[in-house]
1. Please give the net charge around B:Pro522, taking every other residue with its beta carbon less than 15 angstrom from that of B:Pro522, where Lys and Arg add +1 and Asp and Glu add -1.
2. Under the rule of -39500 (n - 2.57) per DSSP H run of 4 or more residues, summed and divided by the residues of chain B, what mean residue ellipticity at 222 nm is obtained, to the nearest 500 deg cm²/dmol?
3. Count, for each residue of B:630-641, the Cβ atoms from other chains sitting within 10 Å of its Cβ, then give me the mean as a whole number.
4. Nearest 0.05, what FRET efficiency do B:Arg171 and A:Thr92 give at R0 = 30 Å with Cβ-Cβ as r?
5. Taking the Cα centre of chain B as the origin, how large is its charge dipole in debye, to the nearest 20, when only Lys and Arg (+1) and Asp and Glu (-1) carry charge on their Cβ atoms?
6. How much accessible area is lost when chains A and B come together, counting both sides, with a 1.4 Å probe, in Å² rounded to the nearest 100?
7. Find how many whole Å separate the alpha carbon centroid of region A:29-103 from the alpha carbon centroid of region B:383-408.
8. May I ask what percent, to the nearest 5, of DSSP beta bridges between residues of the protein assembly as shown are antiparallel?
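The values are calculated or read from the model by the stated rules, or taken from the named source; none is laboratory data. The model shown is predicted, which means the values in this text are computed figures rather than measured ones. In this analysis, Cβ positions are derived from the backbone assuming ideal geometry, glycine residues included, and neighbour counts consider all displayed protein chains. Accessible surface is based on the protein model in full, side chains and every heavy atom, while ligands, DNA and RNA are left aside. Shrake-Rupley method; radii C 1.70, N 1.55, O 1.52, S 1.80 Å.
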Amino acid sequence: MPVFSFNDTLLLATALFSVGLAGVLVRRNMVFMLMSLDIMLNATALVFVGAGARWHDATGQVMFVLILALAAVETAVGLAIIVCLHGRGRPTLDADTGNLMEG
Amino acid sequence: MAPFLISLLILCPLAASLLAFMSARRMGARGIGLVACTGVGSSAVVSIILSVMLLSGPVTGVLQVTLWPWMHMPGFSADIAFMLDRVSMIMILIVTVVGLLIHIYAARYMRDDPGIARFFGCMTLFVAFMLVVVLASDLLCLFIGWEGVGLCSYLLIGFWYDDAANTAAARKAFYMTRMGDVALLCGLLLLATATGGSLRIGTVLVAVANGQLAPSGVNMAALFILVAALAKSAQIPFQTWLPDAMAGPTPTSALIHAATMVTAGIYLIARLHDLFAMAVPVMALTAVLGALTLLMGACTALVQSDLKRILAWSTISQLGYMFLALGCGAWQAALFHLMTHAFFKALLFLTAGAIIMRAHHEQDIFRLGGLRHTMPGLTTAFVAGASSLAGLPLVTAGFYSKEMILSGVWPAHFNLTHGWTLSGPPLWGMALLGAFLTALYIFRCVFIVFCGKAGTGTAGRTSRLMSIPLGCLCVLSLCGGVIEMPDTLPSLHLLRALLDPTAVLSHAHQPGWLVLAGAGVPLAGLGVAWVLWGRSSPVMREIPGQAPVIRPGRTGRGMDALYHYVFVQPFCLLAWLTRLDILNHAVTGTGLLIQAASARMFRVRADFLGMLAIQATRLIRWAGHLPGLLHNGRVRWYAAWIAGGLCAGLAMAVLS
């Protein structure tokens, strides 16, 4: 079983985070943006798990569970917003079209 | 055992609240009512068990539980911790028992409302938060409950949110109490710095007693906490929110605005009375504000014509009594009056709700009338509550608690700085005048509503589910006061013995006529009310206060207008300025001006210099638009800016 050092974990997390960030910046489809956000969150969660394993401290895993819950909530809210927008008669997922507040 | 029970006490209503919220509309009205009553009822049972446990222990015993460490860092620590001592024991009994009675009543009262699940969700959540306020042994933990009850009161006042006036009332209550919350937070920070990072009530009081806080610091902390209590308890100058808060359902008014939330401020000061005892000027301020509020509330209640608003102003006035007692150091008297007030004011509110329900939602007392014949049961209940509120001697609970306050105020003496002193007798006189006015306004209401000729028609009967709580509250508000009697009567001091078991009862003998005056004045008020509004002389009946002197008092508009001009208008002005985006206009305007000027100046010389000037002005205009790009409403642009900032920060961290 290969043993990964904490450094490797950090590298992987950085790569994941960059992929997620790029996704958020490049994608215009809101569903894909949400997925990219989840990738970013998972990257941070990975750092917590790695750090928890490195220092033998369960707090990292607790934080991971917390982030998991956070990600679920955030996705739920995001999807609810998208569904709401559809209900209001905006049949598009383009994030760039929604730049006006219409109270 | 005790830690488990204390957690259970809070968890029961919390669980009921979750069930009610999550049931959506799947449970019927009956089921929701049952869930809510079970939740609050089981915590009432638990609180009785806990009280027995506490009382069977040693006299100075305290039950404590630390649920979990909340935050621990160098220099500051806070826990989610609860503590049950004799002061909080009285409060949990009031909150759960009176709360249970109100819930039973509400189960019938709100039966036909489509939002009943939301209603009971908020009500039981409110009870849970109130128990957190009462039990918290850490001031930061208390703050959670303090904010929680504020949120629940917002939700409940604006319960019928279809009406814009109701939501406005809810917002008003929220903002006004929020001002106090800010003050409370400031006070807590001040105390935390003084005690070296712990907000345990015991630690704080010990630190203050040891002089770890300079006298000015003690005064500041007490002042901040006083402001918080004033806002929560709707005292001068924060009194404007409570009358408007009657927009919510009547059981809400009974629970929040009579028995629990508005008394949280009094409870907080009673809890920290050792701190306040060291801040003499703040004590004097508390007493004076309490006395003023007491008179102001009573005078306003005297000219109201809405049944629920009379009770609202009466609540403000009675809370003034409690602040007066706290200011004079008679915190036991304040707690005693808090208890009896919870009984009789809940009774009055619930009876008023039943009357209004049966009189086709008519709240104007001048259109009601003669209800004595059609609703004998409700008449008895209301008169019982009214006599207790007025403090008719010997037979009502209100008499004993008011007597204790009056005898606590008389010997008060404040040595303020610069040779100013404030002594008890003037305050006592104000309290006595307040007692007279109280009897006057509440019996005015009784005579107009229940005597005379019948006004609006009535329908139906009060159901049993509603009359049982009324009966219980009747008994409590008539007999609940005998646990503590004035010295001149058979000296029975159960409450004082309970609250302060180690202290020796001092028989500081006061003039016997004090008690006589306190007993006679409500009777005089009753007599005057009979003369003015009784059946024999309907003179005052037709003057419901359209006189120019009375009108501002009736609506309390003066204060609202003041707040409007002092706080709301400047804010609106700021918002208006922001909407105009004055900075943008200034930049663009300057650019245009320069461009125009340079175009005129260099019109003749279309040479290099002229071109340069024109280009420069274009640049300035463009720069003016540049900040506008920052908020173009595109999410991805925002993300890009954040990412850019992140990269820049990382680069600085790496390269430095």
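1. On the way: positive: B:Lys402, B:Arg444; negative: B:Glu403.
Surrounding charge for B:Pro522 is +1.
2. Values: 28 runs with 456 residues, N = 656.
Helices in chain B give a 222 nm mean residue ellipticity of -23000 deg cm²/dmol.
3. Details: counts 0, 1, 2, 5, 6, 8, 8, 3, 0, 7, 4, 0.
For peptide B:630-641, the averaged partner shielding equals 4.
4. Working: r = 35 Å, r/R0 = 1.17.
After rounding, the FRET efficiency stands at 0.30.
5. Values: 38 positive and 22 negative charges, 376 e Å.
Taking the Cα centre of chain B as origin, the dipole is about 1800 debye.
6. Working: alone 7420 and 28520 Å², together 35110 Å².
So the buried area, both faces added, is about 800 Å².
7. For region B:383-408 versus region A:29-103, the Cα centre distance is 60 Å.
8. Details: 17 of 18 bridges.
Counting only bridges with both partners in the protein assembly as shown, antiparallel ones make up about 95 percent.
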